[in-house]
1. Is there any pair linking a residue in segment 55-84 that is in contact (Cβ under 8 Å) with a residue 40 or more places away in the chain to one that is assigned to a strand (DSSP E or B) and surrounded by fewer than 13 Cβ atoms within 10 Å (Cβ to Cβ), with Cβ under 9 Å and at least six apart or on different chains, and which?
2. Step by step: first the residues of segment 261-294, then only those that are open to solvent by 50 Å² or more (accessible area, probe 1.4 Å) and modelled with pLDDT of 95 or more, then the one that is farthest from Ile187 (Cα to Cα). Which residue is that?
3. Only one of these is in a helix (DSSP H, G or I), of a type in the set (Val, Ile, Thr) and either open to solvent by less than 50 Å² (accessible area, probe 1.4 Å) or modelled with pLDDT of 90 or more (or both): Thr182, Thr178. Name it.
4. Got a number for residues in segment 109-134 being touching a strand residue (DSSP E or B) at 6+ places or on another chain (Cβ under 9 Å) and either among the β-branched types (Val, Ile, Thr) or open to solvent by 40 Å² or more (accessible area, probe 1.4 Å) (or both)?
5. Only one of Thr213, Thr232, Thr251, Thr291 is part of a loop (DSSP other than H, G, I, E, B) and among the hydroxyl-bearing types (Ser, Thr, Tyr). Can you tell me which?
6. Considering only residues of segment 232-249 that are crowded, with 16+ Cβ neighbours inside 10 Å and not aliphatic (A, V, I, L, M), which is farthest from Pro154 (Cα to Cα)?
7. Residue by residue through segment 198-217, note down the ones that are more than 23 Å from the chain's Cα centre (by Cα), open to solvent by 50 Å² or more (accessible area, probe 1.4 Å) and not charged (D, E, K, R).
Amino acid sequence: MLDLARLRALHAISVHGSVAGAAAALGYTPSAVSQQIAKLERETRTTLLERRGRGVALTEEAHHLASTARELLAIVERAETTLEERRGHPSGLLTVAAFPSAARGLLPAVLAELTTRHPSLDVRLTEVDPHLSVDLVARGVTDLAVAHDWDIAPLPAPEGVEQAVIGDDPCDLIVPSTHPFTTRPTIHRSDLNGQRWICQPPGRVCHDWLVRTMRTAGFEPDIAHVAEENHTIVALVAAGLGVAVVPRLGTGALPPGAVAVPLEPGPVRHLYALWRTGAARRPAITEAVRTLQRHWPPA
């Protein structure tokens with residue numbers, strides 16, 4: 001009899017591509033995941049992982065077993081959903097994935113309310129890059145995801161994944177307090193030519209939005225500094241090193257030296273909750289989505 005927890009560990013490695021990634025998603029240590037796989041190898045009398053440089057790779061047999069594990073986990077999810085639905089209240093484990101600014105600016109209050117109101121519900125949050133969250137839901141690695149999109153990159157909703165709107169997150173143009181823009185009532189995109197920009201790295205939606213939008217306005221943005229975190233971006237603006245477009249969620253109060261000025265048209269990103277269709281009846285999912293919507297916009 002194959003152990004479901006060990007199959008779950010193998011499935012997580014197949015999704016995340018590493019023992020460390022699987023451990024982070026499952027809330028285990030890498031050592032614990034490795035032990036699960038070692039026991040599964042003994043049970044199946046099959047080599048499942050091969051060393052590849054500093055990492056590991058699944059063998060062909062492991063890929064077949066991981067595919068079967070995904071099917072079994074989907075069956076278990078349906079059974080758990082039915083039981084929870086019959087109990088009539090949220091319970092059991094609910095895993096949530098969210099992009100960094102949502103994890104910081106929205107989820108703390110939401111998770112606190114869910115934990116207080118539903119003691120039998122065990123909610124666990126993982127912070128992930130926004131472009132990964134939809135795939136994590138589709139693959140059954142996480143139960144619920146909070147994701148976002150922009151006008152240039154609509155959020156994909158693959159077959160078997162449902163979504164609900166949480167709300168709109170306006171973005172501000174942040175400039176140094178000594179910048180001439182601070183004396184103007186409105187800034188248009190055509191006014192931004194010649195500015196030095198601070199933004200996230202290439203491949204991030206915020207970076208792509210900036211490049212595409214400025215090109216549409218007729219010029220190439222001069223990206224002087226690149227940083228991952230919005231707080232770092234704002235700190236660089238406050239130091240007088242450039243301007244930036246920053247979403248309000250998770251940014252918090254601006255430090256001295258940084259000022260938000262109105263940009264027309266103002267960029268907006270849209271937040272969504274996503275879950276698998278098979279879990280749509282689960283009370284934990286419906287209650288979590290309602291709580292997310294009730295806490296928007298964050299206080």
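1. Val56/Glu50; Leu58/Glu50; Ala62/Glu50; Glu80/Leu93
2. Arg290
3. Working: Thr178 fails: in a helix (DSSP H, G or I).
Of Thr182, Thr178, the one residue that is in a helix (DSSP H, G or I), of a type in the set (Val, Ile, Thr) and either open to solvent by less than 50 Å² (accessible area, probe 1.4 Å) or modelled with pLDDT of 90 or more (or both) is Thr182.
4. Going through segment 109-134, the residues touching a strand residue (DSSP E or B) at 6+ places or on another chain (Cβ under 9 Å) turn out to be 110-111, 114-115, 120-128, 130-134.
Next, from what is left, pick out any that are either among the β-branched types (Val, Ile, Thr) or open to solvent by 40 Å² or more (accessible area, probe 1.4 Å) (or both): 110, 115, 120, 122-128, 131-132, 134.
Residues meeting the conditions: 13.
5. Working: Thr213 fails: part of a loop (DSSP other than H, G, I, E, B); Thr232 fails: part of a loop (DSSP other than H, G, I, E, B); Thr291 fails: part of a loop (DSSP other than H, G, I, E, B).
When all the criteria are applied, what remains is Thr251.
6. Gly242
7. First, the residues of segment 198-217 that are more than 23 Å from the chain's Cα centre (by Cα): 213-217.
Within this subset, residues satisfying the condition of being open to solvent by 50 Å² or more (accessible area, probe 1.4 Å) are 215-216.
Correct list: Thr216 only.
The values are calculated or read from the model by the stated rules, or taken from the named source; none is laboratory data. Note that the structure is predicted; figures quoted are calculated from it, not measured. With ideal geometry, Cβ positions are generated from the backbone for all residues, glycine too; neighbour counts draw on all protein chains shown. Side chains are part of the model used for accessible areas, which takes the heavy atoms of the whole protein and leaves out ligands, DNA and RNA. Shrake-Rupley method; radii C 1.70, N 1.55, O 1.52, S 1.80 Å.
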